[in-house]
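The numbers here are math on the coordinates, done by the rules we state, and not lab data. If you're wondering where the values come from, they're calculated on a predicted model, not measured in any experiment.
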Amino acid sequence: MDPQPFATRLTGRRWLSHDTFEVRLARPRGFSFAPGQFIRFDAAAVENGGAPERDYSMITIPADPDIGLLVRDTGTGRFSTLLGTVGMGTAFEFTGPRGYFVYRNAGRPAVFVATGTGLAPFVAMARSGAGGFVLLHGGRTTVDLYYETLFRGLARRYVPCLSGTGAADACPGAFQGRVTAFLAEHLAPGEYDFYLCGRREMIREATLIIDDRFPGGRVYSEAFY
Ligand SMILES: Cc1cc2nc3c(=O)[nH]c(=O)nc-3n(C[C@H](O)[C@H](O)[C@H](O)COP(=O)(O)OP(=O)(O)OC[C@H]3O[C@@H](n4cnc5c(N)ncnc54)[C@H](O)[C@@H]3O)c2cc1C
């Protein structure tokens, strides 16, 4: 489906940590998408802003009455600050749905690998019924483990990969280190479908490790920044 323009309003905001929040937007009539896809806000269409175009993956599923996004407040970022501060009811325009980062049930075990808010498309995939997956979620400390309860319930194996000193000690099943170190040293050999989302450097490094350790593994990726 080609991206179409839609108008919406902010209906909710919930902070999940000091720098990460969910927003809810009214779902415009006629807007549909596949879990894993994203929407794009355009400069000209943003009230109160003038920010350049910005993309966000849905955490909600097509059957939900609203659109949910998971946003990192980057501190200095123009559009994430706008989303984190504007009043309820603020109007936005976006185009979508966009992207091809969707779950393909190919009969091979799926390994989802996310850093930070790169978790967003996996929230939608898990909520829409993708099952039997392993999830590696990279963050600094347990504060970064948004949707932990959801994934502990739905993943075949949920591995928080925490890079902050000693952070894994406080978290059952957590790995002390980055997602790439877990892939390089701890994921059991096998033929997997890998889904990578988040920082470009992580995707590059993970892809090299997969080529080396998991020949025949398929890789799908979405770089956020
Ligand atoms: C396909 C796609 C999907 C995306 N989905 C999401 C999403 O679901 N949630 C989300 O928060 N962002 C997502 N992004 C990133 C988003 O589009 C913006 O780039 C981000 O919100 C920063 O915009 P800004 O105007 O606030 O900051 P800017 O002023 O543009 O940049 C500030 C700094 O923040 C860094 N940065 C950008 N995104 C992130 C991030 N997510 N986490 C940590 N640092 C970051 C950049 O490297 C830059 O140095 C996605 C990007 C793409 C390409």
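Using Cα pairs closer than 8 Å and at least 6 residues apart in sequence, work out the relative contact order for the range 110-223, in percent. Before the final figure, lay out each step's value.
Values: 208 pairs, mean separation 30.2, N = 114.
Relative CO of the range 110-223 lands at 27 percent.
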Inset, instruction - Work out Dmax and Rg for the chain from the C-alpha atoms and quote the Rg first, both in angstrom. - result: 17.4, 51
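Show me the helices of the chain, taken as full DSSP H stretches, that run 15 Å or more along their long axis by Cα and average -1.0 or above in Kyte-Doolittle hydropathy.
Membrane-span-like by this criterion, though nothing is claimed about a membrane: 200-213.
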Inset, instruction - With runs of 4+ DSSP H residues as the only contributors, calculate the mean residue ellipticity of the chain at 222 nm using -39,500 (n - 2.57) per run, divided by the residue total and rounded to the nearest 500. - result: -5500 deg cm²/dmol
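What percent does the relative contact order of the chain come to when contacts are Cα pairs within less than 8 Å and at least six residues apart?
18 percent
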Inset, instruction - Of all alpha-carbon pairs in the range 110-223, indicate the percentage at a distance above 17 angstrom. - result: 48 percent
Legend entry - Taking the range 92-146 and dividing mean pair separation by its residue count, relative contact order in percent (alpha carbons under 8 Å, at least six apart): 39 percent
Inset, instruction - Just report the Cα centroid separation between the range 81-98 and the range 52-79, whole Å. - result: 8 Å
Inset, instruction - Over every pair of different alpha-carbon atoms in the range 4-98, take the mean of 1/r and invert it; report that Kirkwood radius in Å. - result: 13.2 Å
Inset, instruction - Kindly work out what percent of the DSSP beta bridges joining two residues of the chain are antiparallel, to the nearest 5. - result: 55 percent
Legend entry - the range 170-218 and the range 124-146: distance between their alpha carbon centers, rounded to Å: 14 Å
